[in-house]
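What follows is a set of notes on a single structure, which appears directly below.
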């Protein structure tokens, strides 16, 4: 039976000690078999996707020029601030659920539900959207377009995306360690492709292409209505590309290439030595991907003038084609396939662990919080796989992709604030890792997240608010009445 640390109805917290005790509850126990190496693999697996092959070129050609490498550095710093906060929380509360579990211990049940609801959307959309991208790359490899078929001339079924999710769902149900081994193979392939791109790209490198490093500012296009950023809408400010403003805008764009490292924290409960391994896994993976991103961006902008990368179709393959190396297209597509495979796998893992934690607390049906013989939540894994497969198979997302960004940043913001709150309310807790210079580092992390959030479109903000309101309805209709913490309060009173 759970025991709360507050009696307030909406903001009752679940103690860290009780959260840890619940990890030993019979029938809902996850197997502890992951090491810092496994966690680092998961981190690299989810952060490096197709974006490194596409986003780098487009941002250089349209927004920042050769300074795109500096934009990655700025974004990595902003991301690193949040990663430090995640590392402290994960080592202090080594329980499945990531930001959901952290919020339950600091802000209370209502906020925990909201962030859990938010993460479910984030991971589901991310898995479905990325699997559709995988299907498109699969079609490119075999020169057949996307792996889709038409049903009745009106409905399009993306069988490639569904096939990927079905295979990965099966792997996750069979065990987290097996998933880690498969991820290791895929990560080795995509990192190998990236290193090949860097080495071959250096043979076409011309330092003159890096001048000017920060091109002069030019007026950018303005999007009217709700498609413009919240910042532009609120201030009436115009936009510009290149220059220092373009560089900062580029940092906001490439920041999203780093999204996903927080999923590592969802595997906290399955880690052998979470106090030591979680900080190493989170921070280690971030360092590796930053080095790879910066190296690729420098090589890319040294291969061709940044102006040759303008447009929405520019990729790394574009730079190689302009240098006569057309063979690189298929190699890059294979790397993208491997990259996207691991992204989808880890996103599915993250969603199952958040829903598992919510179910164990009673905020979602308790019957889902059951683990099989292999120590994995098979029921939840299958349900999540089916839902994501249906989304990927039949839904065209369009601008819904930005929902992933705002959901992630919202979670980042709460975790950063939560570190300061837990330091004040529970200074006695053993912490395997401590964020330096508290509260300044968390405050900088919050400001970075807020800046990136206001640069998302008004349309995305409206959708986010609607989803959160729907979540509140679900909480008052089900979660609040079935909460184990709430029942404990009622019994004590």
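The values are calculated or read from the model by the stated rules, or taken from the named source; none is laboratory data. These figures come from a predicted structure and were not determined experimentally. Cβ sites come from the backbone with ideal geometry, for glycine too, and all protein chains shown count toward neighbours.
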Here the residues within segment 442-469 that are touching a helix residue (DSSP H, G or I) at 6+ places or on another chain (Cβ under 8 Å), part of a helix (DSSP H, G or I) and more than 22 Å from residue 416 (Cβ to Cβ) are 458, 459, 462, 463
If you check every pair at least six apart or on different chains, which have Cβ atoms under 7 Å apart with a residue in segment 169-183 that is in contact (Cβ under 8 Å) with a residue 40 or more places away in the chain and on the phi > 0 side of the Ramachandran plot first and a residue that is assigned to a helix (DSSP H, G or I) and surrounded by 24 or more Cβ atoms within 10 Å (Cβ to Cβ) second? none
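From the list 115, 52, 20, pick out the single residue that is part of a helix (DSSP H, G or I) and surrounded by fewer than 21 Cβ atoms within 10 Å (Cβ to Cβ).
Criteria check complete, one pass: 20.
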For segment 305-323, which positions are over 15 Å from residue 53 (Cβ atoms) and either in contact with a helix residue (DSSP H, G or I) (Cβ under 6 Å, 6 or more places away or on another chain) or modelled with pLDDT of 85 or more (or both)? 305, 306, 307, 308, 310, 322, 323
For segment 392-421, enumerate the residues that are farther than 23 Å from residue 252 by Cβ, surrounded by fewer than 23 Cβ atoms within 10 Å (Cβ to Cβ) and at pLDDT 90 or above. 420, 421
Taking the conditions exactly as written (at positive phi and either part of a helix (DSSP H, G or I) or modelled with pLDDT of 80 or more (or both)), does residue 284 satisfy them or not? no
Suppose we keep only residues that are modelled with pLDDT under 80 and over 29 Å from the mean Cα position of the chain (by Cα) within segment 204-223. Which one would you say is surrounded by the most Cβ atoms within 10 Å (Cβ to Cβ)? 217
Has segment 349-371 got at least one residue that is surrounded by fewer than 24 Cβ atoms within 10 Å (Cβ to Cβ), farther than 16 Å from residue 483 by Cβ and in contact (Cβ under 8 Å) with a residue 24 or more places away in the chain? yes
Going through segment 301-318 in order, the residues found to be within 9 Å of residue 60 (Cα to Cα) and within 29 Å of the chain's Cα centre (by Cα) are 301, 306, 309, 310
Conditions: (1) surrounded by fewer than 23 Cβ atoms within 10 Å (Cβ to Cβ); (2) modelled with pLDDT under 90; (3) assigned to a loop (DSSP other than H, G, I, E, B). Residue 434 meets all but one. Number of the miss? (2)
Answer yes if at least one residue in segment 403-425 is part of a loop (DSSP other than H, G, I, E, B) and within 26 Å of residue 162 (Cβ to Cβ), and no otherwise. no
Qualifying position, being under 21 Å from the mean Cα position of the chain (by Cα) and over 30 Å from residue 467 (Cα atoms), among 298, 291, 334: 291
